[in-house]
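What follows is a set of notes on a single structure, which appears directly below.
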Amino acid sequence: MDLQTVRRKAGTAALVSFRLLPGPLKRAAVRIGAPTYTAGAVCVLEHDGEVLVLWQPHRLGWSLPGGLLGRGEAPAEAVRREVAEEIGIDIDPGDPVVVRVDHVEQGIDVVFHVRLDARPQLSLATEARKARWFAPGELTEHQADRDTRGILETLRTARDAPRPGRLIGPAAQD
């Protein structure tokens, strides 16, 4: 047997063995061998073309309302909780509009977009020191934090038609 065949058979045996493991052992093995990402939920609150951003001491620049998901918490529940905690309003976040995966910072943000008919009265919590409405194009690289810039860019490009996939390499056989 050649080396390629031995590797393929060993790989198959490893996959079959993995399949037979109990669920908790599978998850533990994946956590050991896979990168760890944090999961958050963020809300873009928009009124008259401007979005609400917050100034928070633990962030480097203006940021969007939101935060990390709690254990077992759905993204919609997390974003509703975070918005209530940070700015004192209750929202129905609707469905997520985009998911942003930041491979550099190893974070995943589930993004919600709520269009408001009027600007609500805000009650800033201890985390948020200031709130301000900005047109997304006004937020410079030096004003908004890295995550906020990435989320707004992801939201902007998500509105474009998706680029379809294609086969790369040899043509498929008929």
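List of remarks:
- Residue 95 fulfils the conditions (1) closer than 21 Å to residue 118 by Cα; (2) more than 14 Å from the chain's Cα centre (by Cα); (3) open to solvent by 40 Å² or more (accessible area, probe 1.4 Å); (4) free of Cβ contacts under 8 Å to residues at least 40 places away in the same chain except for a single criterion, (2).
- Taking the criterion of being over 13 Å from residue 46 (Cβ atoms), open to solvent by 40 Å² or more (accessible area, probe 1.4 Å) and touching a residue at least 24 places away in the same chain (Cβ under 8 Å), the residues of region 98-119 that qualify are 101, 105, 106, 108.
- Restricting 60, 122 to those that are open to solvent by 80 Å² or more (accessible area, probe 1.4 Å), aliphatic (A, V, I, L, M) and either touching a residue at least 60 places away in the same chain (Cβ under 8 Å) or not in a helix (DSSP H, G or I) (or both) reduces the list to 60.
- Within region 75-92, the residues that satisfy the criterion of being part of a loop (DSSP other than H, G, I, E, B) and open to solvent by less than 40 Å² (accessible area, probe 1.4 Å) are 89, 91.
- Residue within region 1-12 that is surrounded by 12 or more Cβ atoms within 10 Å (Cβ to Cβ) and of a type in the set (Asp, Glu) present: no
- Some residue of region 136-147 being surrounded by 14 or more Cβ atoms within 10 Å (Cβ to Cβ) and farther than 19 Å from residue 59 by Cβ: no
- Here residue 171 clears all of (1) surrounded by 15 or more Cβ atoms within 10 Å (Cβ to Cβ); (2) farther than 12 Å from residue 50 by Cα except the condition numbered (1).
- Residue check for residue 127: in contact with an Asp or Glu (Cβ under 7 Å, 6 or more places away or on another chain) and open to solvent by less than 40 Å² (accessible area, probe 1.4 Å): no
- Scanning region 13-48 for residues that are surrounded by 10 or more Cβ atoms within 10 Å (Cβ to Cβ), within 30 Å of residue 156 (Cα to Cα) and not hydrophobic (A, V, I, L, M, F, W, C) returns 37, 38, 40, 46, 47, 48.
The values are calculated or read from the model by the stated rules, or taken from the named source; none is laboratory data. In this text the structure is predicted, and so the values were computed from the model without any measurement. Glycine also receives a Cβ, built like all others from the backbone with ideal geometry; neighbour counts cover every protein chain displayed. All accessible areas refer to the heavy atoms of the entire protein, side chains included, with ligands and DNA or RNA removed. Shrake-Rupley method; radii C 1.70, N 1.55, O 1.52, S 1.80 Å.
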